[in-house]
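Take a look at the structure set out below.
Derivation of every value follows stated rules applied to the coordinates shown; laboratory data play no part. Treat the numbers as computed from the prediction; the structure is a model and nothing was measured. Ideal geometry is used to build each Cβ from the backbone, glycine not excepted, and the neighbour counts take in all protein chains shown.
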Amino acid sequence: MTAQVEAQVPNIPNFGEALKTKTPNQEALERLARNKASIVGLVIIVFFMLVAIFARVLAPHDPLEITSGQKYLPPAWVKETAGGKASNPAYLLGTDSLGRDVLSRVIFGARVSMVVGFVPTFIIVVIGTIIGMTAGYLGGTWDNILMRLTDVIYAFPDLLFFIIVMVSLRDTWLGQFMNGMFLLFASLAIVNWVGIARLVRGQVLSLKQKEFIEAARAIGVKTPRIMTHHLLPNTLGVIIVYIAFRIPGMIITEAILGYLGLGLRPPANSQAFFVTSWGGLLLEGQTAINAQPWILLAPAICIALVVLAFTFLGDGLRDALDPRMRGSQ
């Protein structure tokens, strides 16, 4: 009897397998993990972040310590230069024009580049996301006003604006606050939010007509909650990818300003958190390229590695978070 009943019951799907169905986020993480270039980029980024955090432990010397008679020492693997300068194993990358350890200064320079990469980008994303989401969802007059403001800000030449701000306010109390880091953060954030604002606005314009947004409005969900609980989670993919590509842009901009002598102000003592920057080291190194090339080469290599790492990671995130990639791998 039991066998007859079982024979008449139709095949029921395996609900255990159904429960094991991966979420879109899990699929995205797996696609990202399969992208070797992105993983390498992530490892490099984590490495430099750890270097920045533990710079005081990792640096073999005080980055501001001046050693008399140790000017322009070559790196440790060069026994003696043509000018008769002998290397010192205690200074792996040699010394600069004042006898300061190049390796220690490069290690401390990671702090500025990492912080400048993340902090202004965070400010940019917050401002741009709020403006873009407000313009896209409310539309009408709000959209016109906010987008015209975006157009005006977009018209400013970025690098020229940074230079003007740094030159004009560098010697004021604002330029001296945090050794000039606050002014640098502000100048980088003021005109760079327009890209993410336009990006988020475009995403919101396509999302606000979806059924789940209409349903939320129909049951009386307030506008702020719709933005934060329904629209924002569905725009995180493009925001994350934007962040991954924006951070290296901030690092390069800081390096340019440092190279022009408009970056970090010299600290009063070596106990300061921000001692030097890779851009500032480039400025020092270009005048000593023949005497001690590693003053220039070391920060240049670090900048290139970090920028490439974020680029690889951004490419991987873009592919992993693209809905069209689901099921294709």
If amide H atoms are built 1.01 Å from N in the plane of the peptide, which residues on other chains or at least 5 residues away come under 5 Å of the amide H of residue 95? 72, 73, 102
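I'd like to compare 133-145, 96-108, 214-226: which one has the highest average count of other Cβ atoms within 10 Å, and what's the full order after that? Intermediate values should be presented prior to the final figure.
Values: 133-145: 16.2, 96-108: 22.8, 214-226: 11.2.
In descending order of packing, they fall as 96-108, 133-145, 214-226.
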Using alpha carbons only, how many degrees (0 to 90, rounded to 10) separate the axis of helix 24-34 from the longest principal axis of the chain? 40 degrees
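Can you tell me the FRET efficiency between residue 217 and residue 161 if r is taken as the Cβ-Cβ distance and R0 is 45 Å, rounded to the nearest 0.05?
Numbers: r = 40 Å, r/R0 = 0.88.
Efficiency at R0 = 45 Å is approximately 0.70.
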I'd like the distance separating the alpha-carbon centroids of the range 58-90 and the range 229-256, in whole Å. 40 Å
Can you pull the Kirkwood radius for the range 129-283, inverse mean 1/r over Cα pairs, to one decimal in Å? 17.8 Å
Tell me the label-point distance for the pair residue 229, residue 40, using the 7 Å Cα-to-Cβ offset, in nm and rounded to one decimal. 4.5 nm
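Decide, for the chain, between rounded, prolate and oblate: order the square roots of the alpha carbon gyration tensor eigenvalues as a ≥ b ≥ c, take rounded if a/c falls under 1.5, and otherwise choose prolate if a/b is larger than b/c, else oblate.
Because a/c hits 1.5 or more and a/b fails to exceed b/c, the chain counts as oblate.
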Using 1/(1 + (r/R0)^6) with R0 = 51 angstrom and r between the beta carbons of residue 33 and residue 260, what's the FRET efficiency to the nearest 0.05? 0.80
Per-residue [θ]222 nm for the chain (sum of -39500 (n - 2.57) over DSSP H runs n ≥ 4, rounded to 500): -21000 deg cm²/dmol
Relative to the longest principal Cα axis of the chain, at what angle does helix 36-53 sit, 0 to 90 degrees, rounded to 10? 50 degrees
Could you work out how far apart the two model spin labels at residue 209 and residue 273 are, taking each label as a point 7 Å from the Cα in the direction of the beta carbon, and quote it in nm? 4.7 nm
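Within the range 55-300, count lysine pairs with alpha carbon atoms under 23 angstrom apart where the residues are 8 or more positions apart or belong to different chains.
Working: 71/79; 71/85; 208/222; 210/222.
Taking the range 55-300 as the scope, the lysine pair count is 4.
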Angle check, please: helix 194-207 long axis (alpha carbons) against the longest principal axis of the chain (alpha carbons), in degrees 0 to 90, nearest 10. 10 degrees
Who wins for biggest fluctuation among 115, 241, 40 in a Gaussian network model of the chain, springs between alpha carbons below 10 Å? 40
Would you kindly state how much longer the chain becomes between residue 145 and residue 240 on full extension, computed as 0.36 nm times their sequence separation minus their alpha carbon distance, in nm to one decimal? 31.6 nm
